[in-house]
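Quick notes on the structure that follows.
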Amino acid sequence: MRDKTFLFVIPAVILLVSGNLFLTPYLHRREVTRTVTAVLDGWASGAIPETFQYWEDPNNAPPAYSLASYKITKKVMNKEDGRRNARISVALEFSADNVLPSGKEWIFKLRQTKFGWKIESFSAADAAQ
């Protein structure tokens, strides 16, 4: 009986530990990507007020509109001071009438809060470093 218990318990523990080590970071990365994609899709469709919910402070949201295309180029996740943070690099192409320069790489900095992932800041890649 004891051997049968070990045959069940040991694989269950291994599955639980590997799930926490590998599945959790994947799920956080997917949620961060979903947040940034929702903001970029809102900018592209002109639904800018709907994107304010993703910002920690909606007053920090840039005057972005007329987004022609975007490409997520880099995703970096880390943990500082007990909080998960993310930096998502995105290449953005705006229309000619936009105040933001087109063809540059931009960085979204996100932080996990009790309300989900919120965008902390948005800046040009060369200014953020």
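The table for this structure:
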item	result
Computed label-point distance, nm, for sites Ser66 and Arg34 using a 7 Å Cα→Cβ extension	3.3 nm
Nearest-ten-degree value, helix 24-45 long axis tilted from longest Cα axis of the chain	20 degrees
When each of Lys74/Lys109; Lys71/Lys114; Lys74/Lys104; Lys75/Lys118; Lys79/Lys114 is checked by Cα-Cα distance, pairs over 18 Å	Lys71/Lys114
Theoretical ellipticity at 222 nm over the chain - DSSP helices of four or more residues, -39500 (n - 2.57) apiece, nearest 500	-11000 deg cm²/dmol
Chain lengthening between Ser18 and Glu56 when straightened (0.36 nm per residue, less Cα-Cα)	10.4 nm
Dimensionless Rg/Rh of the chain - Kirkwood Rh, Rg from C-alpha atoms	1.17
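None of the figures in this text is laboratory data; all of them are computed from the coordinates on show. Model, not experiment: these values are computed from the prediction. Glycine gets a Cβ as well: all are built from the backbone with ideal geometry, and neighbour counts include every protein chain shown.
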